[in-house]
Amino acid sequence: MIIAPSLYSMHFDRFKEEIDALNECVEWIHFDVMDGHFVPNLTFGPGILKTVRKNSELFLDVHLMVSDPDYYSDVFAKAGADSIIFHYEAYNDIEKCVKLIDKIHSMYLKAGISIRPGTDVSVIEPLLDKIDIFLLMSVEPGFGGQSFIPESIDRLKKVAEYKKQHDLDLIIEVDGGVNDRNAHELMESGANSLVAGSFVFNGDIKENVARLRRCE
Ligand code: DX5
Ligand code: ZN
């Protein structure tokens, strides 16, 4: 199981201490980029990612919640991303998504697609054999600390079933409202990477990560 804490919820006054704790207990760091347009909130630019890169060798999983993912994929690739995940809804067009997936792969990065809770899983099925990571949003993107949307389980199962049927090498990651009460069901339903923000950073980071792992 990959645990990918979202830096959205980190305490920036304890940056070094918290990154060091993550370095000792997780596989990935999830980095939420919001542009104030695709979602009504702003987060981090490339300078922060560079600083994370300097302080960590972990896989840096960049989730672009932006209207122009083509432009920002270059920006965050240069800043040290290991993956670039963008939203299908930024284009609502399979061909445009394929073009960007190819570009991300040409930069030797993992490519991922995410969908909002209201988007039908079947629309992105044609992309699942072209990507490395599918990021299922289990809250409306834009803010940390929201409650998990229960219908996400059925959506997850649908993707997991498609993955199985087509024998795909795909990481299925779930993002939003993940905690020690739903982690077990998520893993059982086919998730192999869990993003968790408020659950991990609210209290002792290592203890909270261990709690998630015990759900396996
Ligand atoms: C939401 C972000 C998430 C968020 C998760 O738009 O994509 O990564 O930070 O935070 P929690 O785990 O608090 O829901
Ligand atoms: Zn995210």
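The values are calculated or read from the model by the stated rules, or taken from the named source; none is laboratory data. All figures in this text were calculated on a predicted structure; none of them were measured in a lab. Neighbour counts are summed over all protein chains in view; Cβ atoms, including those assigned to glycine, are modelled from backbone coordinates with ideal geometry.
Looking at the stretch 145-171, which of the residues that are within 16 Å of ligand 2 (Cβ to nearest atom) and crowded, with 22+ Cβ neighbours inside 10 Å is nearest to G203 (Cα to Cα)?
S152
Would you point out the residue of the stretch 172-186, among those that are assigned to a loop (DSSP other than H, G, I, E, B) and in contact with a Phe, Trp or Tyr (Cβ under 6 Å, 6 or more places away or on another chain), that is nearest to ligand 2 (Cβ to nearest atom)? Spell out how you get there, then give the answer.
In the first step, residues of the stretch 172-186 are kept if they are assigned to a loop (DSSP other than H, G, I, E, B); the result is 176-182.
Still in the running and in contact with a Phe, Trp or Tyr (Cβ under 6 Å, 6 or more places away or on another chain): 177, 179, 182.
Numbers: G177: 11, N179: 15, N182: 16 Å.
This residue is G177.
Taking interchain pairs and intrachain pairs at least six residues apart, which have beta carbon atoms under 9 angstrom, with the first residue in the stretch 164-192 and within 12 Å of I2 (Cα to Cα) and within 16 Å of ligand 1 (Cβ to nearest atom) and the second assigned to a strand (DSSP E or B) and among the basic types (K, R)?
Hits for this filter: I171/K110.
Count, please, the residues in the stretch 16-36 that happen to be touching a residue at least 24 places away in the same chain (Cβ under 8 Å) and either among the polar types (S, T, N, Q) or over 21 Å from R116 (Cα atoms) (or both). Give the steps one after another, and end with the answer.
Initially, the stretch 16-36 is screened for residues touching a residue at least 24 places away in the same chain (Cβ under 8 Å), giving 16, 18-35.
So of that shortlist, the ones also either among the polar types (S, T, N, Q) or over 21 Å from R116 (Cα atoms) (or both) come out as 16, 18-28.
Number satisfying all stated conditions: 12.
Here are I85, I94, I29, I2: which of them is surrounded by fewer than 20 Cβ atoms within 10 Å (Cβ to Cβ), touching a Leu at 6+ places or on another chain (Cβ under 8 Å), β-branched (V, I, T) and under 27 Å from N179 (Cβ atoms)? Break it down into steps so the answer makes sense when it comes.
Values: I85 fails: surrounded by fewer than 20 Cβ atoms within 10 Å (Cβ to Cβ); I94 fails: under 27 Å from N179 (Cβ atoms); I29 fails: surrounded by fewer than 20 Cβ atoms within 10 Å (Cβ to Cβ).
Going through I85, I94, I29, I2 in turn, just one is surrounded by fewer than 20 Cβ atoms within 10 Å (Cβ to Cβ), touching a Leu at 6+ places or on another chain (Cβ under 8 Å), β-branched (V, I, T) and under 27 Å from N179 (Cβ atoms): I2.
Take the stretch 1-34 and flag every residue that is in a helix (DSSP H, G or I), within 16 Å of ligand 2 (Cβ to nearest atom) and acidic (D, E). Steps first, please.
Start the filter on the stretch 1-34 by keeping residues that are in a helix (DSSP H, G or I), which leaves 7-9, 12-25.
Within this subset, residues satisfying the condition of being within 16 Å of ligand 2 (Cβ to nearest atom) are 7-9, 22.
Of everything in the stretch 1-34, nothing turns out to be in a helix (DSSP H, G or I), within 16 Å of ligand 2 (Cβ to nearest atom) and acidic (D, E).
Just name the residue that is farthest from A21 (Cα to Cα) out of those in the stretch 48-80 that are within 16 Å of ligand 1 (Cβ to nearest atom) and aromatic (F, W, Y).
The residue in question is Y72.
Take E207 and decide whether it is modelled with pLDDT under 95 and of a type outside the set (S, T, N, Q). Steps first, please.
Values: modelled with pLDDT under 95: no; of a type outside the set (S, T, N, Q): yes.
Here the answer is no, as E207 does not meet what is asked.
Those residues that are under 12 Å from I2 (Cβ atoms) and in contact with a helix residue (DSSP H, G or I) (Cβ under 6 Å, 6 or more places away or on another chain), I need them from the stretch 195-213; list them, please.
Keep residues of the stretch 195-213 that are under 12 Å from I2 (Cβ atoms), which gives 195-196, 209, 212-213.
Within the stretch 195-213, V209, L212 meet the criteria.
Wholly within the stretch 37-151, which helices (runs of 4 or more DSSP H) include no fewer than the required count, namely at least 1 residues that are acidic (D, E) and in contact with a helix residue (DSSP H, G or I) (Cβ under 9 Å, 6 or more places away or on another chain)?
Working: elements: 46-55, 69-78, 94-106.
Ranges flagged: 69-78.
Go through the stretch 121-161 and report how many residues are touching a residue at least 12 places away in the same chain (Cβ under 8 Å) and within 15 Å of ligand 1 (Cβ to nearest atom).
Of the residues in that region, 18 qualify.
Inside the stretch 160-194, can you point out the residues that are of a type in the set (A, V, I, L, M) and in contact with a Leu (Cβ under 8 Å, 6 or more places away or on another chain)? Even if it seems obvious, please write down each step before you answer.
Taking the stretch 160-194 as the starting set, the residues that turn out to be of a type in the set (A, V, I, L, M) are 160, 168, 170-172, 174, 178, 183, 186-187, 191, 194.
Passing the criteria: L168, L170, I172, V174, V178, A183, L186, M187, A191, L194.
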